[in-house]
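Worksheet for the structure shown next.
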Amino acid sequence: MKKKKKILNVIEPYIWLTPSMLLMAIFILIPIFEVFRISLSKVSKAGVIKGFIGLENFQKVLSGSAFPMVLKNTLIWTVVVVGLSTLIGFILAMVLNNQFKGRKIARAIVVFPWATSLIIQAGVWKFIIDTDYGSLNTLLMRLGIIDKAMNWTPTPAAYFAWECWVGIFVTIPFVTFCVLSGLQSIDNAYYEAATVDGATYWQRLFKVTIPLVRPSLTVSTVLNIIYVFNSFPIIWTITKGDPANRTDTLVTYLYKLAFYNGKSGQAAAVSVIGFLILCACAAVYMVISLGKEGNDE
Amino acid sequence: MSKMKEEMIEKKAKTPKQKVLRVCLYVFILLMALIILYPYLVMFTTALKSRAEIYAAKGTVFPITWLWQNFAEVWSKAPLLRYFVNSAIVAGGSTLIAILCGIPAAYALARMKFKGQKFFLGLVIISQMFSPVVLLIGIYRVMSTLHMTDSLLGLVFINAAFNQAFAIWLLRGAFISISPDMEQAARIDGCNKMQAMVKVLLPMAAPGIVTTLIFIFINAWNEYTIALTLISSDLNKPLTVGITIFNGYNMIEWQYLFAASLFATIPVIIMFMCIEKHLVSGLASGGVKG
């Protein structure tokens, strides 16, 4: 009886999956396919595909004078934002995991940056750091910390640093809440046992807490790498990647190529390069996590 | 109960060192709260200033004259109501589609074993790796073919598709955490699979489903890049793109930009606070379990 049922059930799951697969196929898979196709095609300014040209688009992109800098920016952007927001988010979660008065309010406040549209968040920070009328200058002058307006963004690098800060600012809540959920699922018995064994605070942190919240930390880090790598609105709002590509990342660079310069082919090539980089990261992650799983079992 | 107990233990066991730590904790929390709330304070105070005050050589932290009417005027400075409705249509529509497609898929992944299960989950994760921005060129082509550029319907479908992964992830986690025994009992009572799912599983998974709904709604509500690229006529713009009207090339109308931004943000923050707890445990468990 069970076997018969199994045979009947063979195609059933696929029927349940159909709506979801259709939705993703049309609006994600076909665009993916299109991007790959365009990256290998000659494309007119109007966007008409004029046949296969092999890797010429890639060659043009890779030999572009701005590309190495854009790649470097993307790397810095991703590493700095994900790294620092993970560190700060983790510390914040450890603090919020304590019992104290006003804990609920503190948690609610941490939600704010997560729930706000990036475009709005970036807009406010653009205003805050403005040299002429920015509110950071106003605040610091009124508090008497500085006596005349500071130029917070004297160089493109300074702009980029501010953009990283906004990126960190909006990414922290996700890390914090992921870690918090991990922390709250830890059985107190572990800590009691560690205390009985005479473990110090740092020993408990590194031998109990961190290993046990690692799954949550992994989820948040993997997702954040993808999101931050692909993040567009912050840089777009604050500098549009200018001046002269000095604050461009791959996504702002490809956006300009595609929609400002009419170079869809090269833009698609940048997309593919970005995807390949993420795939490489994913492969590294798979190898590491599969290796670990093998060890555990 | 247990919280009270913990607090009592805490009060009993206070050494001077712990007292110092406690003070440090509060200072840290206060500092964090100030930093996080600072941009919102800036938005609020700036929204209440006149343009002259904002661009004044020596600015003030708080408005000199509090122009509450800015919050009313902003509605006539741009078709803000229209933007709101557009955002609601896009967010509501994509949430509906994402959840209607996501529930059966998550159900199959949680309750059935079949060939290609891992493959499908892999596909879901890969779809996450392509953010819409990276695929914009491809998306633009597909939408042109479907005659859905500059249409809200197009935004609905794209947002639904790009939130599928989250929907499936969260819903699958919610379904797995519920024992299949109840559904089996319903099956024995003569329900078919569909009925068992709708009548037994879905009500039990309601918190997870609501969390997913709100999360997708917020994601779609806050989406900017696709809308920026696909929507060309002013009347089809959602809020995130629409409010940039105040962000002109020559002069930025900060007071209106921030007044509109606050209107766009506050409802979403409140919604988010309601689901925060469920969302996080859902995200964590959906990925780890099974």
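Sum up the charges of everything whose Cβ sits under 15 Å from the Cβ of A:Phe127, counting Lys and Arg as +1 and Asp and Glu as -1, but leave A:Phe127 out. Walk me through the numbers on the way to the answer.
Working: positive: A:Lys126, B:Lys49, B:Arg51; negative: A:Asp130, A:Asp132, A:Glu163, B:Glu53, B:Glu253.
That sum, taken over residues with Cβ under 15 Å, equals -2.
Expected output is a single nm value to one decimal: the length gained when fully extending between B:Thr145 and B:Ser76, i.e. 0.36 nm times separation in residues minus the C-alpha distance. What is it?
21.2 nm
Can you sort B:Leu201, A:Leu217 from fewest to most other Cβ atoms within 10 Å of each residue's own Cβ?
Ranking B:Leu201, A:Leu217 by Cβ neighbours within 10 Å, fewest first, gives A:Leu217, B:Leu201.
Please list B:89-102, B:126-139 highest first by mean number of surrounding beta-carbon atoms within 10 Å per residue. Walk me through the numbers before you get to the answer.
Numbers: B:89-102: 21.9, B:126-139: 24.0.
Result, highest mean Cβ count within 10 Å first: B:126-139, B:89-102.
What is the sum of charges around B:Ile245, taking Lys and Arg as +1, Asp and Glu as -1, for the other residues whose C-beta is under 12 Å from the C-beta of B:Ile245? All intermediate terms of the calculation are to be shown ahead of the outcome.
Values: positive: B:Lys77, B:Arg82, B:Lys237; negative: B:Asp234, B:Glu253.
Summing Lys/Arg as +1 and Asp/Glu as -1 gives +1.
Rg and Dmax of chain A, using alpha carbons, in Å: what are they?
Cα-based Rg and Dmax for chain A come out at 24.2, 85 Å.
Once amide H atoms are placed 1.01 Å from N in the peptide plane, what residues at a sequence separation of 5 or more from A:Ile53, or on another chain, have their amide H within under 5 Å of its amide H?
Amide H neighbours of A:Ile53: A:Ser41, A:Lys42.
Mean Kyte-Doolittle hydropathy of -0.5 or higher plus an axial Cα length of 20 Å or more: which whole DSSP H helices in chain A meet both?
For chain A, where a helix must reach 20 Å along its axis and average at least -0.5, the hits are A:67-96, A:156-184, A:210-229, A:264-296.
How long are the semi-axes of the equivalent ellipsoid of the protein assembly as shown, taking √(5λ) for every eigenvalue λ of the Cα gyration tensor, in whole Å from largest down?
One finds semi-axes of 37, 35, 24 Å for the protein assembly as shown.
At a Förster distance of 22 Å, what's the computed FRET efficiency of B:Ile35 paired with A:Leu87, Cβ-Cβ distance as r, to 0.05?
Working from the Cβ atoms, E equals 0.90.
If packing is taken as the average count of other Cβ atoms within 10 Å, what order do B:222-231, A:249-258 fall into, highest mean first?
Taking the mean over residues of other Cβ atoms within 10 Å, the ranking is A:249-258, B:222-231.
Dividing the Cα convex hull volume of the range A:129-221 by residue count, how many Å³ per residue is that?
In the range A:129-221, the Cα hull volume divided by residue count equals 157 Å³.
Would you mind counting up the charge near A:Asp242? Only other residues with Cβ under 15 Å from its Cβ, with Lys and Arg at +1 and Asp and Glu at -1.
Overall, the nearby charge balance is +2.
For B:Ser179 and B:Phe119 in one chain, what is 0.36 nm times their gap in residues minus the Cα-Cα distance, to one decimal in nm?
Between B:Ser179 and B:Phe119, full extension yields 19.1 nm more.
Suppose every K and R has +1 on its Cβ and every D and E has -1 on its Cβ; what is the size of the dipole of the range A:67-247 about the Cα centre, in Debye to the nearest 20?
Roughly 160 debye for the range A:67-247.
How big, on average over all directions, is the shadow cast by the Cα convex hull of the range B:78-288, in nm²? All intermediate terms of the calculation are to be shown ahead of the outcome.
On the way: hull surface 54.1 nm².
Value for the range B:78-288: 13.5 nm².
Cβ neighbours within 10 Å, averaged per peptide: list B:208-215, A:22-29 in order, most packed at the top. Provide the component values of the computation, followed by the final result.
Numbers: B:208-215: 22.5, A:22-29: 20.2.
In descending order of packing, they fall as B:208-215, A:22-29.
For the pairs A:Lys104/B:Lys49; A:Lys72/A:Lys256; B:Lys19/B:Lys277; A:Lys126/A:Lys148; A:Lys42/A:Lys256; A:Lys263/B:Lys237, flag any whose C-alpha to C-alpha distance is greater than 22 Å.
Result: A:Lys104/B:Lys49; B:Lys19/B:Lys277; A:Lys263/B:Lys237 exceed 22 Å.
What's the magnitude of the charge dipole for the protein assembly as shown around its Cα centre, counting Lys and Arg as +1 and Asp and Glu as -1 at the beta-carbon? Answer in Debye, nearest 20.
960
Would any residue of the range A:183-226 have its amide N under 19 Å from a label point 7 Å out along Cα→Cβ of B:Cys24? List them or say none.
A:199-207, A:209-210
Quick check: pseudo-label points 7 Å beyond the Cα along Cα→Cβ at A:Leu276 and A:Met94, how many nm apart are they?
The answer from the label model is 4.0 nm.
Give the long-range amide H neighbours of A:Ile146: residues separated by 5 or more places, or on another chain, with amide H under 5 Å away, using H modelled in the peptide plane at 1.01 Å from N.
The list, which skips near neighbours in sequence, is A:Met141.
Counting only other chains, what is the mean number of Cβ atoms within 10 angstrom of the Cβ of each residue in peptide B:30-40?
6
Other chains near B:159-168: what is the mean number of their Cβ atoms within 10 Å of each residue's Cβ?
Per residue, the average neighbour count from other chains is 4.
By how many nm would the segment from A:Lys60 to A:Ala108 lengthen if fully extended, with 0.36 nm per residue of separation less the alpha-carbon distance?
Numbers: separation 48, 0.36 × 48 = 17.28 nm, distance 4.86 nm.
The A:Lys60-A:Ala108 span can extend by a further 12.4 nm.
Laboratory data are not the source of any read-out in this text; all were calculated from the coordinates shown. Predicted model, so just to flag it, every value in this text is computed and none were measured. No Cβ is skipped: glycine too gets one built from the backbone with ideal geometry, and neighbour counts run over all protein chains shown.
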